[in-house]
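**Student:** I am attaching a structure below and will ask some questions about it afterwards.
The values are calculated or read from the model by the stated rules, or taken from the named source; none is laboratory data. Source: prediction; values computed, not measured. Cβ placement follows ideal geometry from the backbone for every residue including glycine, while neighbour counts extend to all protein chains displayed. Please note that ligands, DNA and RNA were not included when accessible areas were found on the heavy atoms of the full protein model with its side chains. Shrake-Rupley method; radii C 1.70, N 1.55, O 1.52, S 1.80 Å.
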Amino acid sequence: MLHSSDQKIKKLISEIRLHDHIALMYSAPEEKMTVLVPFVMAGLERGEPCFYIGSDEDIAALDAALRQEETDPDQARSSGLLLTVPAEDFPVPGPLSGTAPVIERLETAAAEARAAGFPLLRLCDEKVWVLKHGLSNETLIEYEARMNDLTRGNDIIGLCIYDLTLFPPETIRDVIRTHPKVVISGIMCSNFSYLPPEEFFDEERADFEVRHLLQGMLSNEAKIGNLQTQKNLFGAVFDNLPEGVYVKDLQGRYLLINKAGAEFFGKTVAEVLGRTVHDLLAPQWANLIQTADRRARQAQGLLSDEITFEAAGVTRTILAIKGVFRSSNGAPTGIFGISRDITEQRRMERELADYQEQLRFMASELSLNEERQRRQIASVLHDQIGQTLALAKIRIEAVKRVVEGVKGGQRLSVDLAGIGELLDRVIQHSRSLTDQLSPPVLYELGLEAAVEALADEFQRQHGIEITFYDDAADKPLDDDLRGLLYQSVRELLVNIVKHAHASRATVSLQREGKFLTINVVDDGDGFDEKEKIRVGTGAGFGLFRMRERLKHSGGRFRIETAPGLGTRVIIAAPVNQ
């Protein structure tokens, strides 16, 4: 491959514009081909025909170079995109005709390209024909000056190619004056010594040349002043950035570093420049940074790295973003980076994580204590208040039967019956409250029976079709976790009733290895889980609290939902081994 992938040449080709008249100066054939081949290929790719004038050897060399770039020159010729004209067939300026025949030939080529529907013509003119026909310096310079009018008046890009080893310096000097742009060493330069045709052919040409030279000097001085101002501004920003900024060579030596970057090592900028991390840090810390630099060299694009090291008795954590400087052919030439001291940020994050863990533990303990209180209250309601109320009901019934056999006791019997009905209601409310707090069946028959009864109750009270499934596998659980799982299922069913607008739901319990898995599924509205949890209120807060409680108990909690697609909640809790 040639150099068509060279970034510098790509930049040059991208800067070429319609009506440009450019002089390409070279001393070695490779230098010429580095620019010529991408220039021609750009035209072939864009549908802009190239009109190439050169010797037979030049044409053969161009064909070979195009084939090396996997481009078929013969196919390009057949499509009308490549026109090669041997130098001996090109019109020659004469003493009587002057440069007119040459200009007319190029105007004809531009007109033919336009008539064929092409947007413009790329002219590549090797000046071998000038030497072949012994053209005088005056005639050549007149021709080049006229070329400026030709490119400006037609849809042409002109690339005039000069071998510096074949033309005398005086000729090259005058050629430069007739070209607005000059390419040398793969770089396109704006030419402040260029004279437009109307000035070049003016009687006061020398006066115009002096003006252009002086204006060019002033322009260059102004540009230097602007660059110095920009350099000063950059230096002020660079030196005062809170982040460390640096550049290293491939050996790891610091070529550039600001004050903040040097302070990471406990050094001044002067003490860091020219040194490597092995000169600045203990071996274990230097090796960490050197390894990170190697990763940056191998990475595609920027690499972010977090490194903790000790320098000057201070331990720091640094977040570094690194990249690689590459040459025009893609080879690495150095490393640049921006580093931020995040030591305090990481310390605060650790403290916050500790606080969050403490809060999570306290919330879970509070939840477990709440469940124990529920169980205790439910036990009192069931074992004491409930039984006392039942005994009271039995005794009232006994008194009622005695009173009914006594004369005049009918009215009292009716009052006792009313009291019995009131006791029935109290007993029923007591049982309902007991079931809500902590149903006895949960601890007497187990979680499966309690959840099945809960599903039946919700189906009966709310009209939602609820299917219960249990795989009948053994699921030993401690009392605290059993209560937590029951209350979680109850809360999920309450959410379905209040928020989901569902018509059907399923509750299933399965043993999966060391875990009990509970699935609660509904065909309701669904929701945006992230938004619901983020809001942290209502059902969202309940889900968040449920997740935290289960996490503290060694369980897992997952939601699968989307607006309009129903909801599946999966709870996994460890069983006793």
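**Student:** So is residue 346 surrounded by 12 or more Cβ atoms within 10 Å (Cβ to Cβ) and modelled with pLDDT of 80 or more or not?
**Tutor:** yes
**Student:** Yes or no: residue 145 open to solvent by less than 40 Å² (accessible area, probe 1.4 Å), farther than 24 Å from residue 194 by Cβ and not in a strand (DSSP E or B)?
**Tutor:** It is false that residue 145 is open to solvent by less than 40 Å² (accessible area, probe 1.4 Å), farther than 24 Å from residue 194 by Cβ and not in a strand (DSSP E or B).
**Student:** If the requirement is being open to solvent by less than 30 Å² (accessible area, probe 1.4 Å) and touching a strand residue (DSSP E or B) at 6+ places or on another chain (Cβ under 9 Å), which of these qualifies: 83, 106?
**Tutor:** Result: 106 is the single residue among 83, 106 that is open to solvent by less than 30 Å² (accessible area, probe 1.4 Å) and touching a strand residue (DSSP E or B) at 6+ places or on another chain (Cβ under 9 Å).
**Student:** Also: What's the number of the only condition in (1) open to solvent by less than 30 Å² (accessible area, probe 1.4 Å); (2) closer than 20 Å to residue 505 by Cβ that residue 409 fails to meet?
**Tutor:** (2)
**Student:** Any chance you could count how many residues in segment 250-259 are touching a residue at least 24 places away in the same chain (Cβ under 8 Å) and under 28 Å from the mean Cα position of the chain (by Cα)?
**Tutor:** Residues flagged as touching a residue at least 24 places away in the same chain (Cβ under 8 Å) and under 28 Å from the mean Cα position of the chain (by Cα) within segment 250-259 amount to 1.
**Student:** Residue by residue through segment 136-188, note down the ones that are modelled with pLDDT under 90, in contact with a Phe, Trp or Tyr (Cβ under 8 Å, 6 or more places away or on another chain) and over 16 Å from residue 205 (Cα atoms).
**Tutor:** Result: no residue meets the conditions.
**Student:** Right, something else. Kindly indicate whether any position in segment 182-198 is within 43 Å of the chain's Cα centre (by Cα), among the aromatic types (Phe, Trp, Tyr) and open to solvent by less than 50 Å² (accessible area, probe 1.4 Å).
**Tutor:** no
**Student:** Next question, about the same structure. Quickly run through segment 452-488 and pick out the residues that are in contact (Cβ under 8 Å) with a residue 60 or more places away in the chain and open to solvent by less than 30 Å² (accessible area, probe 1.4 Å).
**Tutor:** Passing the criteria: 475, 477, 481, 483, 484, 485, 487, 488.
**Student:** I would also like to ask the following. Surrounded by 11 or more Cβ atoms within 10 Å (Cβ to Cβ) and either aliphatic (A, V, I, L, M) or at pLDDT below 90 (or both), is that true of residue 205?
**Tutor:** Criteria met by residue 205.
**Student:** Further question: Could you check segment 266-317 and list, in sequence order, the residues that are β-branched (Val, Ile, Thr) and either closer than 14 Å to residue 335 by Cα or in contact with a Ser or Thr (Cβ under 7 Å, 6 or more places away or on another chain) (or both)?
**Tutor:** Within segment 266-317, 276, 277, 289, 291, 308, 315, 317 meet the criteria.
**Student:** Restricting attention to strands (runs of 3 or more DSSP E) lying wholly within segment 173-289, give those where 1 or more residues are touching a Leu at 6+ places or on another chain (Cβ under 9 Å) and among the basic types (Lys, Arg).
**Tutor:** Qualifying strands (runs of 3 or more DSSP E): 244-249.
**Student:** Looking only at segment 453-463, decide whether some residue is in a helix (DSSP H, G or I), among the charged types (D, E, K, R) and closer than 15 Å to residue 508 by Cα.
**Tutor:** Scanning segment 453-463 turns up at least one residue that is in a helix (DSSP H, G or I), among the charged types (D, E, K, R) and closer than 15 Å to residue 508 by Cα.
**Student:** Hey, among the residues in segment 151-168 that are assigned to a helix (DSSP H, G or I) and touching a residue at least 60 places away in the same chain (Cβ under 8 Å), which one's nearest to residue 49 (Cα to Cα)?
**Tutor:** Looking at the filtered set, the residue picked out is 151.
**Student:** Of all residues in segment 315-339, count the ones that are part of a strand (DSSP E or B) and either surrounded by fewer than 16 Cβ atoms within 10 Å (Cβ to Cβ) or touching a Pro at 6+ places or on another chain (Cβ under 7 Å) (or both).
**Tutor:** The total comes to 7.
**Student:** If residue 361 satisfies every condition in (1) open to solvent by less than 60 Å² (accessible area, probe 1.4 Å); (2) touching a residue at least 40 places away in the same chain (Cβ under 8 Å); (3) closer than 30 Å to residue 549 by Cα but one, which is the exception?
**Tutor:** (1)
**Student:** Would you pick out the residues in segment 290-310 that are touching a residue at least 40 places away in the same chain (Cβ under 8 Å) and in contact with a Lys or Arg (Cβ under 6 Å, 6 or more places away or on another chain)?
**Tutor:** If the condition is that a residue be touching a residue at least 40 places away in the same chain (Cβ under 8 Å) and in contact with a Lys or Arg (Cβ under 6 Å, 6 or more places away or on another chain), then 296 is the only one that fits.
**Student:** On to the next question. Quick one: would you say residue 536 is at pLDDT below 95 and surrounded by 15 or more Cβ atoms within 10 Å (Cβ to Cβ)?
**Tutor:** Considered against the rule, which asks whether it is at pLDDT below 95 and surrounded by 15 or more Cβ atoms within 10 Å (Cβ to Cβ), residue 536 comes out as no.
**Student:** Is there any pair with a first residue in segment 208-237 that is of a type in the set (A, V, I, L, M, F, W, C) and a second that is open to solvent by less than 90 Å² (accessible area, probe 1.4 Å) whose Cβ atoms are under 7 Å apart and which are 6 or more apart or on different chains, and what are they?
**Tutor:** Listed by first residue and then by second, the contacts come to 208/195; 208/199; 208/202; 213/193.
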